[in-house]
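One structure is given here, and the rest of the page talks about it.
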Ligand SMILES: [Zn+2]
């Protein structure tokens with residue numbers, strides 16, 4: 001497992017780089033590195049008891065995310081939200097980089113996601129599917145990480161952001177966040 005970056009670590013602001021599939025599929029070492037990254041992410045997500053993780057949250061700014069909403073860790077390479085569907089509602093949202101804090105965030109009921117699947121020895125062609133409910137929320141959240149965004153703080157009033165920042169730094173000074181970078 002890897003240690004998760006604690007907001008507002010500046011790396012979380014980076015725009016993650018796409019995975020170059022043609023280049024990757026021509027190089028078995030690179031595929032293995034990506035499979036290892038996905039395994040690391042799944043283990044980390046499990047250890048921190050999260051339902052989603054973007055690679056940038058463990059300090060690797062590439063467009064790879066994992067989810068854990070149905071008992072199976074899933075990996076999405078180069079994911080992108082094609083469109084939002086089904087109207088939106090306010091939901092309680094957290095982030096592994098902002099431990100123990102939850103904010104009301106506006107999210108769509110459904111998300112149409114395009115991504116490339118990670119196979120054992122290659123990355124497959126782009127697929128599209130529609131996610132609903134919690135999975136839709138998690139996918140939207142993780143895709144935002146790939147563009148350096150965390151809606152629950154970036155879209156919050158600055159007073160809320162300051163409170164969260166203060167709370168995290170107090171807990172860090174108190175030695176409560178040793179598992180975070
Ligand atoms: Zn997050």
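The values are calculated or read from the model by the stated rules, or taken from the named source; none is laboratory data. Model, not experiment: these values are computed from the prediction. Here the Cβ is made from the backbone with ideal geometry for all residues, glycine too, and neighbour counts use every protein chain on show.
Values as computed for the structure displayed
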item	result
Matching residues in region 20-49 - criterion: being closer than 30 Å to residue 101 by Cα and in contact with a helix residue (DSSP H, G or I) (Cβ under 8 Å, 6 or more places away or on another chain)	37, 40, 41, 44
The listed residue being within 16 Å of the ligand (Cβ to nearest atom), in a loop (DSSP other than H, G, I, E, B) and surrounded by 17 or more Cβ atoms within 10 Å (Cβ to Cβ), out of 140, 156, 136	156
Options 150, 164; residue that is touching a helix residue (DSSP H, G or I) at 6+ places or on another chain (Cβ under 9 Å), within 11 Å of the ligand (Cβ to nearest atom) and within 30 Å of residue 86 (Cβ to Cβ)	150
Test for residue 76: is it without any contact (Cβ under 8 Å) to a residue 40 or more places away in the chain, surrounded by 15 or more Cβ atoms within 10 Å (Cβ to Cβ) and within 16 Å of the ligand (Cβ to nearest atom)	no
Region 36-60: number of residues that are surrounded by fewer than 16 Cβ atoms within 10 Å (Cβ to Cβ) and either more than 16 Å from the ligand (Cβ to nearest atom) or in a helix (DSSP H, G or I) (or both)	5
Hits in region 10-30 - residues which are touching a strand residue (DSSP E or B) at 6+ places or on another chain (Cβ under 7 Å) and either more than 16 Å from residue 119 (Cβ to Cβ) or modelled with pLDDT of 95 or more (or both)	16, 17, 18, 19
Residue in region 1-19 that is free of Cβ contacts under 8 Å to residues at least 24 places away in the same chain and either outside any helix (DSSP H, G or I) or in contact with a helix residue (DSSP H, G or I) (Cβ under 8 Å, 6 or more places away or on another chain) (or both) present	no
Qualifying position, being under 15 Å from residue 147 (Cβ atoms), within 16 Å of the ligand (Cβ to nearest atom) and more than 12 Å from the chain's Cα centre (by Cα), among 6, 14	14
Test for residue 66: is it part of a strand (DSSP E or B), within 22 Å of residue 155 (Cβ to Cβ) and within 13 Å of the ligand (Cβ to nearest atom)	no
Looking only at region 97-133, and only at residues there that are within 22 Å of residue 159 (Cβ to Cβ) and surrounded by 14 or more Cβ atoms within 10 Å (Cβ to Cβ), the one that is nearest to the ligand (Cβ to nearest atom)	97
Single residue of 87, 94 found to be farther than 28 Å from residue 33 by Cα, within 14 Å of the ligand (Cβ to nearest atom) and either free of Cβ contacts under 8 Å to residues at least 24 places away in the same chain or surrounded by 15 or more Cβ atoms within 10 Å (Cβ to Cβ) (or both)	94
Residue identified as out of contact with any strand residue (DSSP E or B) (no Cβ under 8 Å at 6 or more places or on another chain), outside any strand (DSSP E or B), on the phi > 0 side of the Ramachandran plot and surrounded by 14 or more Cβ atoms within 10 Å (Cβ to Cβ) among 148, 175	148
